[in-house]
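Some notes on the structure that comes next.
The values are calculated or read from the model by the stated rules, or taken from the named source; none is laboratory data. Model, not experiment: these values are computed from the prediction. Here the Cβ positions follow ideal geometry from the backbone for every residue, glycine too, while neighbour counts run over all protein chains shown.
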Amino acid sequence: MNFRDSFIVLLITAAISLVGNFVGYQISIIEAIPGMLILVAIAIGGIALAKYMPGKIPSVAYIVTLSTIITVPGFPGAATISALVGKVNFLALATPILGYAGIYTGKNLDSLKKTGWKIIILALFVIFGTYIGSAIIADVVLRIIGQI
Amino acid sequence: MKNVKLHLLVLGLVIISEFIGVISIPLGVGTIVLLPMLFAMILGVFITPKFLNIAKEKEMDDASSLIGLTLMLLMAKYGTNIGPTLPKILASSPALILQEFGNIGTVLFGVPLAVLLGLKREAIGGAHSISREGNVALIGERFGLDSPEGEGVLGVYIVGTVFGTIFVGIMASLLAAYTPLHPYSLAMASGVGSASMMTAGVASLVAMFPEMEEMITAFGATSNMLSGLDGIYMSIWLAIPFSEWLYKRAYRFKYGEFPEPPVKKEIKEEK
């Protein structure tokens, strides 16, 4: 996908998220636009960096790093950026993604039918296993180092 | 990406889902939260050809190519939650790093269960990790995707794709409600290496503990990035060898003898 197309898709997703942000969390669309545009700018910046920087680092890594840097306390304007982006509820950003993911999942239903029930049970236990394993370790260590 | 129908369908899904809003179901001492994102996913599946047939083959194909891109705004948002909390994240880094070894939990639970269910070498592929894209590629390279190991990893991959998000969302909310595990620990655990599963996990936690939103999302996103970085190495050096070891023990426990050595792998190792 070329740069211009990516930009258009980001704007469409942003627009859908703004509507969801209003319907679900009563934040007016106008009020949330600046924060949303900041997110779009960060995303585009990350995609550009991934494209032109050496090392084949995925754009997601650049995006998270960029937005972390500009909101670290002490970075010029960090508080303003945080306040503006704060108008965009993160659940409102997740809902459209899962909408697209749901439609895409329709494609996997046939393969799911072919998967035996044993694998289905196994898959759920496997996810549970990693989750509970990580949660217990995290809990013990956080308590030892006094962060919770 | 110029599929206007697809975007309008998603807009419709979002409006309906957000209108329903967060549903909290009190259950004993705790609460299960169902989020708009879960409704959007389920409704999304329901408009595909197998059900209501509003979204057609073309919409499904186009949607698959867009998911990665639509995630970018959410990722940017996660970063803006990491920034302000960075000192606290760094202070918690021992926990963040060590909990990555929790992935071994998949093997501990998965391999014995798989053998108990009567699965053979599928157990190695299916239970060594949560079988995301990188793991599928790894098992494909090592055993071939048409092998029993490949069947296992692909099966778990598909099930995770269809049910993973919903499952992690509900699991996080149940564990938060019924166990003494701290929301921060559960947030870190949510970073399993899949952005949508992590989001479902942290979103459920945020719905229950709104005052901790910034820390919960920051921990989830950081842990998820770490899993993305170390996941494959964990699989190669730790999870697959451990799976093989545990598989032999579990196999002998069930069938009274050690399994036949895997043929395909030995051929590959001789190369």
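Below are the figures for this structure:
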{"item": "Helices (runs of 4 or more DSSP H) fully within the stretch B:181-271 counting 1 or more residues that are under 23 Å from the mean Cα position of the chain (by Cα) and hydroxyl-bearing (Ser, Thr, Tyr)", "result": "B:183-190, B:195-208, B:213-234, B:240-255"}
{"item": "Tally, over the stretch B:90-107, of residues that are under 18 Å from the mean Cα position of the chain (by Cα) and surrounded by 18 or more Cβ atoms within 10 Å (Cβ to Cβ)", "result": "9"}
{"item": "The stretch B:92-102, residues that are in contact (Cβ under 8 Å) with a residue 60 or more places away in the chain and of a type outside the set (A, V, I, L, M, F, W, C)", "result": "B:92, B:99, B:100, B:102"}
{"item": "Subset of the stretch A:2-30 [of a type outside the set (Ser, Thr, Tyr), in contact with a helix residue (DSSP H, G or I) (Cβ under 7 Å, 6 or more places away or on another chain) and outside any helix (DSSP H, G or I)]", "result": "A:27"}
{"item": "Only listed residue being among the acidic types (Asp, Glu) and either in contact with a Cys (Cβ under 6 Å, 6 or more places away or on another chain) or more than 10 Å from every other protein chain (Cβ to nearest Cβ) (or both), chosen from B:151, B:133, B:122, B:100", "result": "B:133"}
{"item": "Pair list, Cβ under 9 Å, 6 or more apart: the stretch B:181-193 residue farther than 14 Å from residue A:148 by Cβ and more than 7 Å from chain A (Cβ to nearest Cβ), other residue among the basic types (Lys, Arg) and crowded, with 24+ Cβ neighbours inside 10 Å", "result": "none"}
{"item": "Residue within the stretch A:98-119 that is within 7 Å of chain B (Cβ to nearest Cβ), without any contact (Cβ under 8 Å) to a residue 60 or more places away in the chain, more than 24 Å from residue B:158 (Cα to Cα) and not aromatic (Phe, Trp, Tyr) present", "result": "no"}
{"item": "Test set (1) closer than 21 Å to residue A:14 by Cα; (2) at the interface with chain A (Cβ under 8 Å from one of its Cβ atoms); (3) surrounded by fewer than 16 Cβ atoms within 10 Å (Cβ to Cβ); (4) not charged (D, E, K, R) - residue B:4 fails condition number", "result": "(2)"}
{"item": "Test result for residue B:77, modelled with pLDDT of 95 or more, in a helix (DSSP H, G or I), under 30 Å from residue A:103 (Cβ atoms) and out of contact with any Gly (no Cβ under 7 Å at 6 or more places or on another chain)", "result": "yes"}
{"item": "Residue in the stretch A:79-92 that is over 17 Å from the mean Cα position of the chain (by Cα), over 26 Å from residue B:18 (Cα atoms) and surrounded by fewer than 22 Cβ atoms within 10 Å (Cβ to Cβ) present", "result": "yes"}
{"item": "Selected residue (criterion: farthest from residue B:108 (Cα to Cα)) from residues of the stretch B:222-242 that are aliphatic (A, V, I, L, M) and touching a Leu at 6+ places or on another chain (Cβ under 9 Å)", "result": "B:226"}
{"item": "Residue among B:255, B:247, B:178 that alone is farther than 24 Å from residue B:93 by Cα and either in contact with a strand residue (DSSP E or B) (Cβ under 8 Å, 6 or more places away or on another chain) or of a type in the set (Val, Ile, Thr) (or both)", "result": "B:178"}
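Results for (1) more than 7 Å from chain A (Cβ to nearest Cβ); (2) free of Cβ contacts under 8 Å to residues at least 12 places away in the same chain; (3) at positive phi; (4) in contact with a helix residue (DSSP H, G or I) (Cβ under 8 Å, 6 or more places away or on another chain), shown as yes or no for each residue.
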residue: B:17; (1), (2), (3), (4): no, no, no, yes
residue: B:22; (1), (2), (3), (4): yes, no, no, yes
residue: B:28; (1), (2), (3), (4): yes, no, yes, yes
residue: B:33; (1), (2), (3), (4): yes, no, no, yes
residue: B:53; (1), (2), (3), (4): yes, yes, yes, no
residue: B:73; (1), (2), (3), (4): no, yes, no, yes
residue: B:78; (1), (2), (3), (4): no, no, no, yes
residue: B:90; (1), (2), (3), (4): yes, yes, no, no
residue: B:104; (1), (2), (3), (4): no, no, no, yes
